[in-house]
Amino acid sequence: MKNQIEMDVRGMSCASCAHHVEAALRKVPGVVEVVVPGWQSGKALVTLEADVAPAALEAAVAGAGYQAAVKPPPAQPRLAVPHHREGHDDSEFPLMVIGGGSAGFAAAIRGAELGYRVLLVNAGEIGGTCVNVGCVPSKALIRAMEHYHRAGEHPFRGVQTMKGALNWAQVVAHKDELVAELRQAKYRDVLAAYPNITYLEGRARLLPQTSEVSKDLGGLVAVDVNGETYTPDRVILATGASPWVPPIPGLDKVPYLTSTTAMALRVLPRSLIVLGANAVGLEQAQIFARAGVAVTVVELLPRIAPFEDEAVSAALQEALEAEGLRFETDFKTQSVTQGAGHITLTAADGRQVRGEQLLVATGRRPNTRGLGLEEAGVELGPRGEILVDETLRTANPRIYAAGDVTGRDMFVYVAAYAGGLAAENALTGAGKRYRTDYIPRVTFTDPAVASAGLTEAQAREQGYEVKVSVLPMKHVPRALAARDTRGLLKLVADAATDKLLGAHILAPEAGEMIQVAALALKLGLTVADLRETLFPYLTNVEALKLAALGFEKDVEMLSCCAG
């Protein structure tokens, strides 16, 4: 019977040290496998096929120039194997992660780093939304169309450049190449670096708590994958989300696009309606508009980018309209019909919008159907989202959830953070709190939108006495030098304490500027802290200091780099 033990190893300072420790332990009779999950871990996981004295293992490490001690068996959940599966090997998985995207991979990697064997189960393309149909392909198309859009422009008067014909099929092909490269490098190749993660393609379904397997095993989670039943001690659900289509009469009878299928088009339509003016809808609207498509954006709410600060929303609409995009806000779609070569949306007030194709970008909903969640004691919210507490634990104490499937903070970097946190809490009982009150968020339009913290309206709703500073980008020296002064920066602060509450930016590459504000929010810094910090001259991020100065001074009356 194989047995796995853990050793604390001191003295490792680089990757070569980890290899030396592994090599020394493999020479000990009775050792069949050694895993050092990174030299920083200070650990070695040793699998034995016979009794081996701890002193022999410790002496082998000492002979390689390091110090080690065998840890006593921890008070951890018992290991689990596929239940009643004849002929299965002795591989043991205390943790099963369901979902192969950002949250799932982060959870699996963290479990492996903590010394556990992990079974990662995934249905569909490895990598999840971000690399396949989300962040990576959309940002590749955004950048390509930005270059194309600017090819016929020059910031200095009288200078002309040439803009050639657009080969859209080639642009899409290049996007697909990048997706394939990153899917391999950041997901498939990563798995090879973690021998204690086993990847299994298949659809998982949690079995009811009343099933014979669950009752036999004293309440352990039972999971069916490809017809086999596994009983891991802990499960992390990270199945992500998918585009959601609203129940508008007639919509199911027209050939609409989603954010996924729109990026796969090889032939551009002449005109396009984009239903939804949040991040995804606005990004894709500008992509197609810059490619030469006549685009109309339709939004149910009174303004575009409805979850951003009102000043940012208004300025963004003005910038996009200057490029030729049309907007219909407060448009309550009552019906969708198809005519000869066009699709028509009709609003409750009688307004109509017509286009050759329709892109529905009305948000995403968690992928929770068919997982058997409620029967397994996992509670769901009104949109099908998995309900979790502040440690990401579900109503079933053995099951955690992370990423878009929880219906909150649908950003890939937040999903990765949540996956790692869920794994650590599930396996060690660390009880770490999921905190995202400071997270930066970016909409990759041009100019881009980047925000962190509270908007002015949100701060007032929460009872703060608010003070704000709004800085047009025309007062930022870098923007003036680049001949691109589109946008603004708005800071929201607590008038009573001077503490920064939120930062909202509309500017080219705003995403490169927001992290300073996010860090300030995380650390609880004040406007004075920002004002007294040195920012490099002729950078756009200097706008943060200028906006901080704007609470007390008229920045128009300052010299270029005066504070």
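All of the numbers you see were taken from the coordinates with simple rules; none came from a lab. The shown structure was predicted, so the numbers you read here are calculated from the model rather than taken from an experiment. Cβ sites come from the backbone with ideal geometry, for glycine too, and all protein chains shown count toward neighbours.
Across the options VAL31, ALA56, VAL21, the greatest Cα extent toward the positive end of the charge dipole of the range 3-70 (unit charges at beta carbon of Lys, Arg, Asp, Glu) belongs to VAL21. The charge dipole of the chain, taken about its Cα centre with unit charges on the Cβ atoms of Lys, Arg (+1), Asp and Glu (-1) only, comes to about 800 debye. Working note: 222 nm ellipticity from helices only, DSSP H runs with n ≥ 4, each -39,500 (n - 2.57), summed and divided by the residues of the chain, gives -8000 deg cm²/dmol to the nearest 500. For a modelled paramagnetic label at SER335, 7 Å from Cα along Cα-to-Cβ, the residues of the range 246-276 in reach, with backbone nitrogen under 11 Å, are 249-250.
Mean sequence separation of contacting Cα pairs (under 8 Å, at least six apart), scaled by the length of the range 442-557, corresponds to a relative contact order of 31 percent. Between the range 306-346 and the range 469-537, the C-alpha centres lie 29 angstrom from each other.
Note down, for the chain, the three equivalent ellipsoid semi-axes (square root of 5 times each alpha carbon gyration tensor eigenvalue), biggest first, whole angstrom.
47, 31, 23
Spin-label model, ALA23 to GLU465: label points 7 Å out along the Cα-to-beta-carbon direction sit 6.8 nm apart. Taking 0.36 nm per residue of separation and subtracting the Cα-Cα distance, full extension of the segment from ASN3 to ALA348 would add 117.4 nm. Tell me whether the range 502-563 comes out rounded, prolate or oblate; compute the Cα gyration tensor, take square roots of the eigenvalues as a ≥ b ≥ c, and use a/c under 1.5 as the rounded threshold. The shape class here is oblate.
Structural descriptor for the chain: relative contact order 12 percent, calculated from alpha carbon pairs under 8 angstrom and at least 6 residues apart. Would you mind estimating how fast the range 319-365 diffuses translationally, via Stokes-Einstein at 10 °C and 1.306 mPa s with the Kirkwood radius over Cα pairs, in µm²/s? Rounded to a whole number, D works out at 130 µm²/s. Here the convex hull built on the C-alpha positions of the range 251-362 has a volume of 93 cubic angstrom per residue. About its Cα centre, the dipole of the range 234-377 is roughly 560 debye, where the only charges are +1 on Lys and Arg Cβ and -1 on Asp and Glu Cβ.
Note on LYS474 and GLU310: the model spin-label points, each 7 Å out from Cα along the C-beta direction, lie 2.2 nm apart.
Just the Kirkwood number for the range 3-70, please: inverse of mean 1/r across all distinct Cα pairs, in Å, one decimal. Working shown, then result.
Numbers: mean 1/r = 0.0880 Å⁻¹.
After inverting the mean inverse Cα-Cα distance, the result is 11.4 Å.
Arranged from fewest to most other beta-carbon atoms within 10 Å of their beta carbon, SER13, SER259, SER335 become SER13, SER335, SER259.
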